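Visitor: Structure below; questions to follow.
Throughout, read-outs are computed from the coordinates displayed, never taken from laboratory work. Keep in mind that what you see is a predicted model, and the values were worked out from it rather than measured. Note: ideal-geometry Cβ built from the backbone for every residue, glycine included; neighbour counts use all protein chains shown.
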Amino acid sequence: MADIISPIESGIRSFLNRTMSNRASIASSFFSGQYKPFKNQVYEDLKLQAQESGKLFEDPEFPADHSSLYYSGNSQLPGQVEWKRPKEIHQNPKLFVDGACSCDVIQGMLGNCWFVAACSSLAQEKELWNKVIPDMEVQEWNDEQPENYAGIFHFRFWLFDGWYDVVIDDRLPTVAGELIYIKSRDKNEFWGALLEKAYAKVAGSYESLDGGNLCDALIDFTGGIAETFQLQEEKYYEDEDKKLALFRTMRSEIDNHSLLSCAISAASQEEMEARTEVGLVKGHAYGITAVKKIYIGETSLMSLFAEKEKIYMIRMRNPWGQKEWTGPFSDGSAEWEKISSSERERIGLTFDEDGEFWMPFDDFCRYFTDLSICRLVNTSWFSFNKTWNESCFVGQWTTGPANSETDRAGGCYNHRDTFLLNPQYRFDVETDNDTVMIFLMQKDRRALRCKGISHLVIGFHVMKVEANRRYRLHAVKEKSGGSEYAMSRNVFLRCTLKAGRHVIVPTTFDPGEEGEFLLKIFTSKSNNGKELLHDAPSQSVWPCISYPCLVTKVFIQGAKDLEKQDRFGNADPYCIVKCEGERVRSPVCRETLNPEWNITVLFYRKSPDSLVKVQIWNSNVVMDTCLGKASVEAPLNPETVAKEVELYGRLQEKGVKKPGTVLLEISTCDDLMAY
């Protein structure tokens with residue numbers, strides 16, 4: 001007899017299946033697609049060639065010499081560098097010893113604590129880890145099949161426009177037989193050193209990793225977007241509501257497999273890596289490995305429903321593997337005696353001298369200055385979690401002949417004469433006060449440091465525009481948002497915007513600077529994102545088709561004293577604006593006879609005699625009803641004219657005066673690039 005599944009059991013199975021599918025969909029949105037071979041080196045081909053030749057692989061693109069160590073030629077190392085393979089360093093080398101752990105890697109003689117902190121965060125996320133270090137079992141040393149070893153490894157990073165497969169040989173720089181850069185706590189574990197070498201190859205040299213940005217590594221490990229919180233500048237430590245909201249955000253992001261890190265900024269070069277009175281290090285990046293509520297007192301089954309005091313805690317790790325927090329709840333402190341043994345076991349508490357420690361969230365907000373969250377944005381259609389709609393563009397700032405299509409490097413808003421020459425992108429927001437995330441990244445320039453080329457100062461400016469704009473802006477509009485400008489690979493903005501169409505102008509700070517960029521726009525609903533390429537309507541190749549000769553801007557402020565539509569004396573009105581076959585609909589204003597739409601539209605007109613028509617409708621469940629219409633002449637007149645126009649019926653009521661008037665402003669120019 002076949003098994004019978006109850007409706008409840010079926011529902012539970014369905015829920016679990018959807019939950020697992022949801023996790024997979026978040027990952028697949030970032031992990032899909034082909035991997036591009038970095039520098040056109042195909043791992044499988046190179047490994048096979050090495051095996052067939054009987055010679056261990058030597059990477060010509062990142063040779064074992066000083067050019068791979070320094071771009072400046074200035075050595076700070078304490079002795080003669082020798083490049084050794086792991087089998088020359090330890091008799092039993094392993095890629096991993098007992099898997100990956102946030103405490104595995106320790107920073108070496110390179111100022112890349114940010115990279116080590118990113119590795120600590122990444123090691124906790126198995127799905128991401130398997131992405132960055134693929135084929136771990138195949139790449140692992142196998143003493144039973146020594147013929148498989150070819151001295152070659154490969155790693156994967158997300159680099160600007162997709163995932164790249166980066167090949168390296170396993171020759172590592174040493175001094176006196178010891179690794180000089182990243183090493184593992186286990187002497188025979190080498191995943192950290194090899195991953196660092198692959199990342200140094202992408203950056204051009206090991207020296208290019210000195211003094212980097214933690215957000216960059218998190219993005220390169222995940223393909224996600226990074227957001228930074230200025231904890232001291234925004235005074236989180238003295239605002240309980242902001243502090244609680246931040247804790248909830250961090251805990252949610254940890255649960256959603258985002259990568260988190262933090263730092264204490266140094267006010268001067270002398271303060272760099274100085275230790276504070278509570279054991280924290282300035283100018284230093286820490287990886288965040290847990291965000292939890294910890295209960296004080298007994299936590300047995302009998303007390304689950306009792307009132308229990310709880311404390312908000314955060315766990316982090318110093319990439320140095322030492323120098324931990326010495327304040328409340330530091331390793332071995334008396335405060336831990338208030339926590340039951342079962343609770344300590346639940347959170348995985350240890351007091352090892354491994355650089356990992358817990359601290360109260362209040363103290364975290366008091367001492368740390370910067371928090372970075374790198375998130376994989378959920379763009380799945382089928383999900384229980386918050387989903388986003390994404391528009392993604394790859395563009396360029398280019399210099400070319402004035403006013404040509406290659407003249408696209410106008411600088412920031414301060415340069416008003418050239419600002420609108422930059423690339424422009426439109427997107428729609430469907431509801432008022434909707435949250436929008438905008439992420440701008442420039443192409444990595446670390447490998448060009450040897451030529452004296454550094455990252456550009458970048459940012460973006462957002463403007464509210466006409467509801468139907470489809471051509472480039474020629475006049476600056478009302479600002480609706482914008483980022484700070486920074487000499488960094490990426491800038492991020494989370495903001496709330498009004499409903500309607502907006503235009504983003506990504507820019508360099510100064511005009512005339514060339515570069516490539518990636519722009520991502522995330523909204524709650526479909527945003528219809530598109531690059532604005534053309535200045536005005538293009539003329540048809542067919543001589544019988546006329547070309548627009550006028551552009552009319554119409555601002556519909558609202559309407560007054562409309563006809564009552566329900567027993568409560570209200571209506572749910574919206575308007576439709578039409579001209580020469582084009583129509584634009586406004587949002588619905590609920591329960592009012594005096595709606596305010598404040599919608600602006602543009603019409604490119606072929607005939608000076610064509611009318612602008614406004615229809616006002618009441619939104620109903622079954623069928624909408626017309627409350628009236630108005631027709632307005634739009635002769636050539638660049639001056640804005642305000643009008644209050646009476647409403648009349650349509651169809652059977654054509655010519656019949658209807659209650660109410662529509663309020664609008666209108667102007668018309670014969671210069672199609674006037675607006």
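Visitor: From the helices alone, meaning DSSP H stretches of at least four residues, give me the mean residue ellipticity at 222 nm for the chain, per-run term -39500 (n - 2.57), in deg cm²/dmol to the nearest 500.
Guide: -5000 deg cm²/dmol, from helical runs alone.
Visitor: I've got another one for you. Go through the range 204-248 and name the trypsin sites (Lys or Arg not before Pro) that are in a DSSP coil and have 12 or fewer other Cβ atoms within 10 Å of their Cβ. Display every interim value, and only then the final one.
Guide: Numbers: sites: Lys235, Lys242, Lys243, Arg248; in loops: Lys235.
Answer by residue number: Lys235.
Visitor: Got a sec to turn the phi values of the range 654-668 into Karplus ³J(HN,Hα) couplings, 6.51 cos²θ - 1.76 cosθ + 1.60 with θ = phi - 60°, whole Hz, x for Gly and Pro?
Guide: In residue order, the calculated couplings are 4, x, 8, 5, 10, x, x, 9, 10, 9, 8, 10, 9, 8, 9 Hz.
Visitor: Right, next: To two decimal places, what compactness ratio does the range 550-669 give when its Cα radius of gyration is scaled by 2.2 N^0.38 Å?
Guide: Working: Rg = 14.1 Å, N = 120, 2.2 N^0.38 = 13.6 Å.
Cα-based Rg divided by the globular estimate yields 1.04.
Visitor: When His502, His455, His415 are ordered from fewest to most other Cβ atoms inside 10 Å of their Cβ, what list results? Display every interim value, and only then the final one.
Guide: Numbers: His502 26, His455 20, His415 17.
Least crowded to most crowded, the residues run His415, His455, His502.
Visitor: Near Lys36, which aspartates and glutamates are there with a Cα under 12 Å away, not counting those fewer than 8 places off in the same chain?
Guide: By straight Cα distance, Lys36 reaches Asp161, Asp165.
Visitor: Tell me, what is a quarter of the convex hull surface for the C-alpha atoms of the range 33-222, in nm² with one decimal?
Guide: Working: hull surface 41.6 nm².
So the mean shadow area of the Cα hull is 10.4 nm².
Visitor: Under 5 Å between amide hydrogens, which residues at least 5 positions from Ile225 or on another chain qualify, with H placed 1.01 Å from N in the peptide plane?
Guide: Residues meeting the criterion, in which the H sits 1.01 Å from N, are Arg375, Val377.
Visitor: Given R₀ = 45 Å, what would the calculated FRET efficiency be for Glu484 paired with Asn92, taking r from the Cβ atoms and rounding to 0.05? Intermediate values should be presented prior to the final figure.
Guide: Working: r = 50 Å, r/R0 = 1.12.
Taking R0 as 45 Å, the efficiency between Glu484 and Asn92 is 0.35.
Visitor: Quick one: Cα convex hull volume of the range 141-244, Å³ per residue? Display every interim value, and only then the final one.
Guide: Numbers: hull volume 19.5 nm³, N = 104.
Taking the convex hull of the Cα positions in the range 141-244, it is 188 Å³ per residue.
Visitor: Order of Lys443, Lys131 from fewest to most other C-beta atoms within 10 Å? If you can, show how the numbers build up before the last one.
Guide: Values: Lys443 17, Lys131 22.
Arranged by neighbour count, lowest to highest, Lys443, Lys131 become Lys443, Lys131.
Visitor: Can you compute the modelled spin-label distance between Glu644 and Gln232, with each label point 7 Å from Cα toward Cβ, in nm?
Guide: Computed distance between label sites Glu644 and Gln232 equals 5.8 nm.
Visitor: Which order do peptides 146-152, 591-597 fall in by mean Cβ count within 10 Å, highest first? Intermediate values should be presented prior to the final figure.
Guide: On the way: 146-152: 15.9, 591-597: 17.4.
Ranked by mean Cβ neighbours within 10 Å, highest first: 591-597, 146-152.
Visitor: Below 8 Å, C-alpha to C-alpha, sequence gap of six or more: please give me the relative contact order for the chain in percent.
Guide: Numbers: 1458 pairs, mean separation 71.2, N = 675.
This gives 11 percent for the chain.
Visitor: Still on this model: Please go through the residue pairs Lys183/Lys292; Lys477/Lys530; Lys498/Lys654 and name each one whose alpha carbons sit more than 24 Å apart in this structure. Before the final figure, lay out the partial values.
Guide: Working: Lys183/Lys292 30 Å; Lys477/Lys530 18 Å; Lys498/Lys654 36 Å.
Pairs exceeding the cut-off: Lys183/Lys292; Lys498/Lys654.
Visitor: Continuing with this model, one more query. Can you work out ³J(HN,Hα) from phi for every residue in the range 224-238, in order, using Karplus 6.51 cos²θ - 1.76 cosθ + 1.60 and θ = phi - 60°, giving whole Hz and x for Gly and Pro?
Guide: x, 10, 10, 10, 10, 10, 8, 5, 7, 4, 9, 6, 5, 5, 10
Visitor: Over 20 Å between Cα atoms, which of Lys479/Lys578; Lys560/Lys657; Lys55/Lys131; Lys55/Lys84 qualify?
Guide: Violating the 20 Å Cα-Cα cut-off are Lys479/Lys578; Lys55/Lys131.
Visitor: Based on the Cα coordinates of the chain, what is the per residue volume of their convex hull in Å³?
Guide: Hull volume over Cα atoms, normalised by residue count, gives 276 Å³.
Visitor: Could you tell me how many degrees, from 0 to 90 and to the nearest 10, lie between the Cα long axis of helix 191-203 and the main elongation axis, the longest principal axis, of the Cα atoms of the chain?
Guide: Once rounded, one gets 50 degrees.
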